[in-house]
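One structure is given here, and the rest of the page talks about it.
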Amino acid sequence: MAFFTSSTQDIPDTASIPRHIAIIMDGNGRWARKRFLPRIAGHKRGVEAVRDMVKQCDKLGVKHLTLFAFSSENWRRPSDEVTFLMGLFMQVLQREVTKLHQNNIRLRIIGDRTRFDANLCAQIEASETLTQVNTGLTLTIAANYGGRWDVIQAMNAMQLAKPELLGKFEEQDLAPFLSMYYAPEPDLFIRTGGEKRISNFLLWQLAYSELYFTDTLWPDFNDAELQLAIQSYQQRERRFGRTSEQLTASEQHSTQK
Ligand code: IPE
Ligand code: IPE
Ligand code: MG
């Protein structure tokens, strides 16, 4: 099992191209409403934006792309929209997984699967198994995912596996049980659609991510929009708690070596 530097335990390596981008793909409904179309038309167009983003991130050398597709709170939506979204998820998995596999992309799904029907669970497992040997981009889809659910499920799993840690466990004990144990923490978080909130996405993992918010609606989020987000990321000074002066000093030190 791979272990990555925790941003709160140590200073992670940084690079000009983010190694991990996590996106809240918001604004599908508003995109449709602007065109007098039903909300589901926005979700369909959203899938096209996903396809472009996967291609683009792979090309740029991003190692992990994590997309929020359905939150643990999205069950509160009208049942016909929920049913449509579940069907769309199934369809996209069936239709796209071969292409992902041909492109050396590894697919992973995170979230609580207990509310999915058996067919969807089987399709998820088959897609993950087919692509598990791939070494290119890892595409993670968060479906019925909630940041609080993640921390709670990790605690329960850790308690079962290591009961002796009860009452004295530390960050590094919990980390292997979190949903994204296999990836470094997101360098860049993007939310489209204008809202400035996390909406229970990767609460633990976003501790030191750079946050980027854009009014662009998800179906309109294209390569140029991604470039803007990455450019903004490249201008950030990632201090991880240190002072600016310390950063400059450590950079000088490393270039002298
Ligand atoms: C995001 O778009 C997709 C999902 C949450 C499934 P929305 O459906 O939230 O679109 P808006 O926010 O209503 O425009
Ligand atoms: C967040 O979007 C979840 C996904 C994009 C899957 P929402 O549209 O559900 O978020 P809120 O309700 O505006 O916070
Ligand atoms: Mg929304």
Solvent-accessible area per residue for the chain (1.4 angstrom probe, square angstrom): 53 Å²
Out-of-range pairs (alpha-carbon distance over 24 Å; input LYS59/LYS99; LYS63/LYS168; LYS34/LYS196): LYS63/LYS168
In deg cm²/dmol, rounded to the nearest 500, the helical mean residue ellipticity at 222 nm of the chain, built from -39500 (n - 2.57) for every DSSP H run of length 4 or more, is -14000 deg cm²/dmol
At 1.4 Å probe size, with the rest of the protein present, what percent of the exposed accessible area of the range 117-257 is carbon and sulfur atoms? 51 percent
For GLN227 and VAL151, compute 0.36 nm times the residue count separating them, minus their Cα-Cα distance, and round to one decimal in nm. 24.2 nm
Just subtract the alpha-carbon distance of LEU165 and ARG239 from 0.36 nm times their residue separation and send over the number in nm, one decimal. 23.4 nm
Suppose the chain between ILE17 and ALA122 were pulled fully straight at 0.36 nm per residue; how much longer would it get relative to their current alpha carbon spacing? 34.3 nm
To the nearest 0.05, the calculated FRET efficiency linking GLN252 and LEU211 through their beta-carbon distance, R0 being 35 Å, is 0.80
If you average 1/r over every pair of different alpha-carbon atoms in the chain and take one over that average, what Kirkwood value in Å do you get? 19.5 Å
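The values are calculated or read from the model by the stated rules, or taken from the named source; none is laboratory data. Values in this document were obtained by computation on a predicted structure and should not be read as measured data. Positions of Cβ are generated from backbone atoms using ideal geometry, with glycine treated the same way; all protein chains shown enter the neighbour counts. Just so you know, the surface numbers come from the protein's heavy atoms only, side chains and all, with ligands and any DNA or RNA stripped out. Shrake-Rupley method; radii C 1.70, N 1.55, O 1.52, S 1.80 Å.
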